[in-house]
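Asker: The structure under discussion is supplied below as structure tokens; questions concerning it will follow.
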Amino acid sequence: MNARSAWLSTDGQTREDTRVAALGALTPTSPIGTRSGILPGSYSGEHRVSGLWLAGAQGTMTATVSSGRAVVQATESRGAYPVAVTDGVPLTFEDGDALYDRVDLVVLRIHDDAYDGTDRTEAAVEIVKGKPEATPTAPAAPGLSLPLFKVVVPKGRSTGTGGIDWGTALTDLRTTTVAVGGILPTRADDTAIGAYPGQYRDTDSALQRWNGTAWVPYPRDVGGIVPAGALANGGYAGQYRDSAAGQLQRWNGSAWLPAVPGPAFANTLDAGSTASTTYTATLAAASATPLTVTFTAPPSGSVIVGLGARLLTRDSETASAYMSPQVTQGSTVIWAADDERCATSSGDVGKTVSTQLRLNGLTAGTTYTVTALYRSTSSQVTCWFDARYLRVDPIA
């Protein structure tokens, strides 16, 4: 019989009929399969999942698994086993090994003699004992079981020697399942794929939607500004969010960037000198060289580059001191220092000068670096530069 209908057969409903044609359709994993897991919910609504929780008795090797409901999926033809644990299940862990720690596994297991020949037909909460090792790992879960918790059993521990450290021993492995169409409460480390495009899940810190190939952060395609802390990665290029620092940011497809980039600025009061007649980024007697500032090109691809300093030509009224910007993207020079793009002054009395220049043709979203370069028009004249600054303003 391939098409099975529960509560309809005139010649008796089989156990498989009941499991395969479940009245309460849960989170699907295929057209007929169901995601194994625990049904979420708690008495007060405070906790996402309280069913089948493991609570240990301090100072002992005993614990209790609380009541709860779950579904354990077998093969599609065999169906899904619904389980209700109506009373707490006491568990006693074996004493710790003399030399090594071990990791035990607590599972909800289905025994079905019709399939496994175990002479048992029941659901049970069981301990699967791990192997004591220098670096212990949890044992594999038995067939047709739902892992609930990993429990670290320290070496040499027993009820008389302090028992299990219940505050740190547990690793929660419980997966969840909900009615089809419901939002699935899960964890960020849950690697299970979605069942259908349009399915939603809550990772306890973000709402996500399955788009057919990946879990995508939500909100998506709504055009609203995402609240601070609600979205680690953008769902689409052009999405906006409020950062924790109160800055409006835009997702460019791989990173969050300021939506409205402010000016990039760098300055120093550290004076230095050069007599080089070719442009150099290094000044003698100045520790703050080279002077640089980085910026991200705005959507327009255009910026205003400004620079200035207090300049003087030592003991000369005829030589000139030049300060010019060099713009690079990585190791590529976009703008070389040039006398046509400089702030300049001459004379033995310091004068503050500045200039502003427009730079076009930049690639939006790309990071560039501006470096201040300096030179003298005479190798016999030392030029001094003080109170130096660089500023880059994006053009909308």
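Asker: Among (1) outside the structural domain of Leu54 (by TED's automatic domain parsing); (2) exposed (fewer than 14 other Cβ atoms within 10 Å of the Cβ), which single condition is Gly167 missing?
Answerer: (1)
Asker: Sticking with this one: Which of (1) among the polar types (S, T, N, Q); (2) at pLDDT 90 or above; (3) surrounded by fewer than 13 Cβ atoms within 10 Å (Cβ to Cβ); (4) more than 21 Å from Ser145 (Cβ to Cβ) is the odd one out, the single condition Asn2 does not satisfy?
Answerer: (2)
Asker: How about the range 157-186: which of its residues are within 20 Å of Thr137 (Cβ to Cβ) and in a loop (DSSP other than H, G, I, E, B)?
Answerer: Hits for the range 157-186 are Arg157, Ile164, Asp165, Leu173, Arg174, Thr175.
Asker: Could you please tell me which pairs satisfy a Cβ distance under 6 Å, a separation of 6+ or placement on different chains, a first residue in the range 109-125 that is over 21 Å from Gly88 (Cβ atoms), and a second residue that is acidic (Asp, Glu) and buried (at least 17 other Cβ atoms within 10 Å of the Cβ)?
Answerer: The qualifying pairs are Thr121/Asp112.
Asker: Follow-up. Restricting attention to the range 126-159, which residues are hydroxyl-bearing (Ser, Thr, Tyr) and over 15 Å from Tyr100 (Cα atoms)?
Answerer: Here is the first cut: in the range 126-159, the ones hydroxyl-bearing (Ser, Thr, Tyr) are 135, 137, 145, 158-159.
Within the range 126-159, Ser145, Thr159 meet the criteria.
Asker: So, one more: For the range 52-98, how many residues meet the condition of being basic (Lys, Arg) and more than 32 Å from the chain's Cα centre (by Cα)? Break it down stepwise before answering.
Answerer: Here is the first cut: in the range 52-98, the residues basic (Lys, Arg) are 69, 78.
From what's left, more than 32 Å from the chain's Cα centre (by Cα): 78.
The qualifying residues number 1.
Asker: Taking the range 350-396 only, how many residues are within 34 Å of the chain's Cα centre (by Cα), among the β-branched types (Val, Ile, Thr) and assigned to a loop (DSSP other than H, G, I, E, B)?
Answerer: Final tally of qualifying residues: 3.
Asker: Which number in (1) of a type in the set (Gly, Ala, Ser); (2) modelled with pLDDT under 85; (3) surrounded by 14 or more Cβ atoms within 10 Å (Cβ to Cβ) marks the one condition that Ala25 misses?
Answerer: Going through the list (1) of a type in the set (Gly, Ala, Ser); (2) modelled with pLDDT under 85; (3) surrounded by 14 or more Cβ atoms within 10 Å (Cβ to Cβ), Ala25 breaks only (3).
Asker: Continuing with the same structure: For a quick check of your reading of the model, give me the residue pairs whose first member lies in the range 335-347 and is on the phi > 0 side of the Ramachandran plot, whose second is among the acidic types (Asp, Glu), with beta-carbon atoms closer than 8 Å and at least 6 apart or on different chains.
Answerer: Filtered contacts from the range 335-347: Gly347/Glu317.
Asker: If you check Arg310 against the conditions, is it in contact with a Pro (Cβ under 7 Å, 6 or more places away or on another chain) and charged (D, E, K, R)?
Answerer: Working: in contact with a Pro (Cβ under 7 Å, 6 or more places away or on another chain): no; charged (D, E, K, R): yes.
So Arg310 does not fit the description; no.
Asker: For residues in the range 301-329 being small (Gly, Ala, Ser) and touching a Ser or Thr at 6+ places or on another chain (Cβ under 8 Å), which is surrounded by the most Cβ atoms within 10 Å (Cβ to Cβ)?
Answerer: The first filter runs over the range 301-329 and keeps only residues small (Gly, Ala, Ser), leaving 301-302, 306, 308-309, 316, 319-321, 324.
Add one more test, that the residue is touching a Ser or Thr at 6+ places or on another chain (Cβ under 8 Å), and what stays is 301, 306, 308-309, 316, 319-321.
On the way: Gly301: 16, Gly306: 19, Gly308: 20, Ala309: 27, Ser316: 19, Ala319: 21, Ser320: 19, Ala321: 29.
The residue in question is Ala321.
Asker: Condition test on Val180, is it surrounded by 21 or more Cβ atoms within 10 Å (Cβ to Cβ) and hydrophobic (A, V, I, L, M, F, W, C)? Walk me through it before giving the result.
Answerer: Values: surrounded by 21 or more Cβ atoms within 10 Å (Cβ to Cβ): no; hydrophobic (A, V, I, L, M, F, W, C): yes.
For Val180, the condition - surrounded by 21 or more Cβ atoms within 10 Å (Cβ to Cβ) and hydrophobic (A, V, I, L, M, F, W, C) - is not met.
Residues are listed down the side, and each one gets a yes or a no for (1) under 24 Å from Ser30 (Cα atoms); (2) surrounded by 16 or more Cβ atoms within 10 Å (Cβ to Cβ); (3) in the same structural domain as Lys129 (by TED's automatic domain parsing):
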position	(1), (2), (3)
Val65	no, yes, yes
Ala70	yes, yes, yes
Ala74	yes, yes, yes
Gly79	yes, yes, yes
Ala84	yes, no, yes
Phe93	no, yes, yes
Gly96	no, yes, yes
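Asker: Taking the condition of being within 22 Å of Pro136 (Cα to Cα), aliphatic (A, V, I, L, M) and outside any strand (DSSP E or B), how many residues in the range 69-111 meet it?
Answerer: Adding up the residues that qualify gives 2.
Asker: Give me the pairs, please: first residue somewhere in the range 249-260 and touching a residue at least 60 places away in the same chain (Cβ under 8 Å) and in a loop (DSSP other than H, G, I, E, B), second residue anywhere and surrounded by fewer than 12 Cβ atoms within 10 Å (Cβ to Cβ) and of a type outside the set (Phe, Trp, Tyr), beta-carbon distance under 7 Å, and either six or more positions apart or on two chains.
Answerer: Asn252/Ala237
Asker: Of all residues in the range 336-370, count the ones that are surrounded by fewer than 20 Cβ atoms within 10 Å (Cβ to Cβ) and under 19 Å from Val303 (Cα atoms).
Answerer: Summing the residues that are surrounded by fewer than 20 Cβ atoms within 10 Å (Cβ to Cβ) and under 19 Å from Val303 (Cα atoms) in the range 336-370 gives 17.
The values are calculated or read from the model by the stated rules, or taken from the named source; none is laboratory data. Quick caveat, the model's predicted, so the values are computed rather than measured. We place every Cβ from the backbone using ideal geometry, glycine too, and count neighbours over all the protein chains shown.
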